[in-house]
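Q: Before I ask anything, here is the structure I am working with.
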Amino acid sequence: MQKGVPQIMDITSIRSVLHYLRKNILPTKFETAQQPEPNTIQLCFRGVDSQTWLEVSWNGDSPRILKINKPEKIGRESTLSKQIRYGLKYMALISIDQDDFERVIKFSFAKKPGDEINKYLIFELMGKHSNIFYLDNRHKIIAVGKQIKSSQSSFRTISTGSIYSGPPVNLKKQPREDESFQSWKDSISLVPESLKYCLLNTYQGVSPILTKQLEVISKTSNSEIMEKNIDFISDADLTEIFKSWKIWINRFKKNNFNFSIFNKDFYCVWFDQEINHENKIDLCTRLENYYDYHLKQKKLELLEKKIEGIIFKQTNNEKKNLNIQYDLLKKSENYREFKEKADNIFSSNEIKKRDIIKGQKLYKKSKKLKRSRELIKERLSIYKTNIERLDEFTTLVDNLNSLNNEKLFMRIKLLEEIMDEICNEFNINIKKKREDNKNTSEIESLPIQVDTPTGLKLQVGRNMRQNDLISFKFSKKGDLWFHAQESPGSHVVLKSSSQVASEQDLQIAADLAALFSKAKRNIKVPINLVKIRDLQKIKKGGPGCVSFKNGEIIWGNPTRGEDYIKKNLKTLI
């Protein structure tokens, strides 16, 4: 079975989606297209009384075709989406074709049903060789997902203006319902490899995930039978695999599909492992939910790693610069030595002209080193502050894992905002995907807000922008500010301007400040309690940089804070 999640969509999954689409969106009018990511296109089709969105991805890690809910408007200005949108305007999708076990899908378009076909969209969903083609009625390529030069492939070049030719013919054997057990066994036994690779190398339509599905449904005596050499597998076990094999072919040919989860993170569309069938959702919706969750989970993990890498690299740069300044500071301590040498020269009874010149140079060098000490100390302070600031960003990222009732897209949004804050503050240039100008001002994430037992509002910042907002823009004079003492963490504001805060309110605020700090693994954490009126924004400091006076210390309990927020915080959208 393939490594990692999400599961790669194999021919059986593709076939199940196409079966649904043929029944539900033929014929329909093409409405629009957009490209939210470099290797993904989203297409909208309008029926008599409904609208259907499809997402097709030719990303090598996760090629797929899915029916999806109406997405955000992102990627409408990409060249490919514009070409498809204007080329297919007012046209109708009249057929969806896919041959047996081939992973090539052809969408045909005409001015109206019954008319001659004018345009085609072809999707090749074949792992790293996946691609999308937009063709005219003569199969000339108008636009393509990725062009292939002759230096990249000696077999097949792909470029706009050339005539489309399909991928290489699949020479493997086609699975047949009427094939006997002996014929099947003879076919897969030609080369003595593991059963998994014998099936993969012999028959069309077989994927690593299918071999695992066959293994699970057959319930043979050997739980890892697919990894076993075929020469050492008994006929009894092979017979059980063959029975499952026949079920798969039958359901594939008759388009008899249903969705089920097996082995926790993987799904199947041709056998049903689930016992509970209440509130059963249609196959396409469950496929969409599966990929939506796992792709977001994957994006979340990649973002965390990317931010971790940025912080690690920048921290090393700051430490390197800090050490350079320490070396310079150490060298600058020699200014006294140069001054003493110059004094000795001028205190001599006999002074020559060259001695005067030498003494003046020594005095000049001494003064220069003495002046540089203050500048070096300023730089030392800057680099130390930068390292502390990066530590704060690390804590903010770590704090995202403090809650398990937060939706994935919101966690992704928060991580993207934190990454932008780091890059803006430290002038770091990173490659970003192209987005429409109208989408750059989309809704930003909001701070956490919970109620105390007496009804006061408590706000917790989850990035630097939110820390700044709750501490200055959203706060009023009577509010109270909480932050872990000498430890990076989120700002917490108790909205006590509406009514006097009780001891219980203060304790809960301190507990949350402890929870959302770097010191959250301690039993008790000292928390600064400051009146908002005594809080000041540091000039030339980044968002969330504050100073204060007249603060007091109370103790926060992170465990108690975690229990409280999990009981009182609704799912964050």
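The values are calculated or read from the model by the stated rules, or taken from the named source; none is laboratory data. The shown structure was predicted, so the numbers you read here are calculated from the model rather than taken from an experiment. Heads up, the Cβs are rebuilt from the backbone with ideal geometry, glycines too, and the neighbour counts pull from every protein chain shown.
Q: Does ILE163 qualify as being surrounded by 12 or more Cβ atoms within 10 Å (Cβ to Cβ), among the β-branched types (Val, Ile, Thr) and touching a residue at least 24 places away in the same chain (Cβ under 8 Å)?
A: Numbers: surrounded by 12 or more Cβ atoms within 10 Å (Cβ to Cβ): no; among the β-branched types (Val, Ile, Thr): yes; touching a residue at least 24 places away in the same chain (Cβ under 8 Å): yes.
It is false that ILE163 is surrounded by 12 or more Cβ atoms within 10 Å (Cβ to Cβ), among the β-branched types (Val, Ile, Thr) and touching a residue at least 24 places away in the same chain (Cβ under 8 Å).
Q: Okay, next question. As an exercise: evaluate ALA519 against (1) in contact (Cβ under 8 Å) with a residue 40 or more places away in the chain; (2) crowded, with 20+ Cβ neighbours inside 10 Å and give the number of the one condition it does not meet.
A: Status for ALA519: all satisfied but (1).
Q: Would you mention how many residues in region 515-544 are more than 28 Å from the chain's Cα centre (by Cα) and either closer than 19 Å to MET464 by Cα or part of a strand (DSSP E or B) (or both)?
A: Going through region 515-544 one residue at a time, the tally reaches 15.
Q: Exactly one condition in (1) crowded, with 22+ Cβ neighbours inside 10 Å; (2) closer than 19 Å to TYR564 by Cβ is false for ASN463; which is it?
A: Result: ASN463 fails condition (2) only.
Q: I'm checking my understanding of the structure. Among residues of region 147-175 that are β-branched (Val, Ile, Thr) and in a loop (DSSP other than H, G, I, E, B), which one is modelled with the highest pLDDT?
A: Ranking the candidates gives THR160 first.
Q: Sort out which residues of region 398-451 are assigned to a helix (DSSP H, G or I), at pLDDT below 80 and either surrounded by fewer than 16 Cβ atoms within 10 Å (Cβ to Cβ) or among the aliphatic types (A, V, I, L, M) (or both), and write them in order of number.
A: Answer for region 398-451, where residues must be assigned to a helix (DSSP H, G or I), at pLDDT below 80 and either surrounded by fewer than 16 Cβ atoms within 10 Å (Cβ to Cβ) or among the aliphatic types (A, V, I, L, M) (or both): ASN401, ASN437, LYS438, ASN439.
Q: Within region 76-96, restricting attention to residues that are on the phi < 0 side of the Ramachandran plot, part of a loop (DSSP other than H, G, I, E, B) and not basic (Lys, Arg), which residue is surrounded by the fewest Cβ atoms within 10 Å (Cβ to Cβ)? Before you say what the answer is, go through the steps one by one.
A: To start, the set of residues in region 76-96 that are on the phi < 0 side of the Ramachandran plot comprises 76-89, 91-96.
Next, only the ones that are part of a loop (DSSP other than H, G, I, E, B) stay: 76-78, 88-89, 91.
Applying the additional criterion that residues be not basic (Lys, Arg) yields 77-78, 88, 91.
Values: GLU77: 15, SER78: 21, LEU88: 22, MET91: 18.
Checked region 76-96; the qualifying residue surrounded by the fewest Cβ atoms within 10 Å (Cβ to Cβ) is GLU77.
Q: Moving on. Of the residues in region 102-156, how many are of a type in the set (D, E, K, R), exposed (fewer than 12 other Cβ atoms within 10 Å of the Cβ) and either assigned by TED's automatic domain parsing to the domain that holds ASN39 or under 26 Å from ILE11 (Cα atoms) (or both)?
A: Within region 102-156, residues that are of a type in the set (D, E, K, R), exposed (fewer than 12 other Cβ atoms within 10 Å of the Cβ) and either assigned by TED's automatic domain parsing to the domain that holds ASN39 or under 26 Å from ILE11 (Cα atoms) (or both) number 4.
Q: A follow-up question, please. Out of the residues in region 194-220 that are outside any helix (DSSP H, G or I), among the polar types (S, T, N, Q) and farther than 15 Å from ILE11 by Cβ, which is modelled with the lowest pLDDT?
A: Of region 194-220, the ones outside any helix (DSSP H, G or I) are 194, 203-207, 219-220.
Applying the additional criterion that residues be among the polar types (S, T, N, Q) yields 194, 204, 207, 220.
The next check asks that each one be farther than 15 Å from ILE11 by Cβ; those that pass are 194, 220.
Numbers: SER194: 94, THR220: 80.
Checking each candidate, the answer is THR220.
Q: Consider ASP99 against the criteria (1) within 22 Å of ILE11 (Cα to Cα); (2) modelled with pLDDT of 95 or more: it satisfies all of them except one. Which criterion is unmet?
A: It fails just one condition, (2).
Q: What number of residues within region 478-505 are outside any loop (DSSP other than H, G, I, E, B) and not aromatic (Phe, Trp, Tyr)?
A: Number satisfying all stated conditions: 10.
Q: Can you find a residue in region 284-292 that is in a helix (DSSP H, G or I), under 27 Å from ASP391 (Cβ atoms) and either in contact with an Asp or Glu (Cβ under 6 Å, 6 or more places away or on another chain) or among the hydrophobic types (A, V, I, L, M, F, W, C) (or both)?
A: Looking for residues that are in a helix (DSSP H, G or I), under 27 Å from ASP391 (Cβ atoms) and either in contact with an Asp or Glu (Cβ under 6 Å, 6 or more places away or on another chain) or among the hydrophobic types (A, V, I, L, M, F, W, C) (or both), one finds none in region 284-292, hence no.
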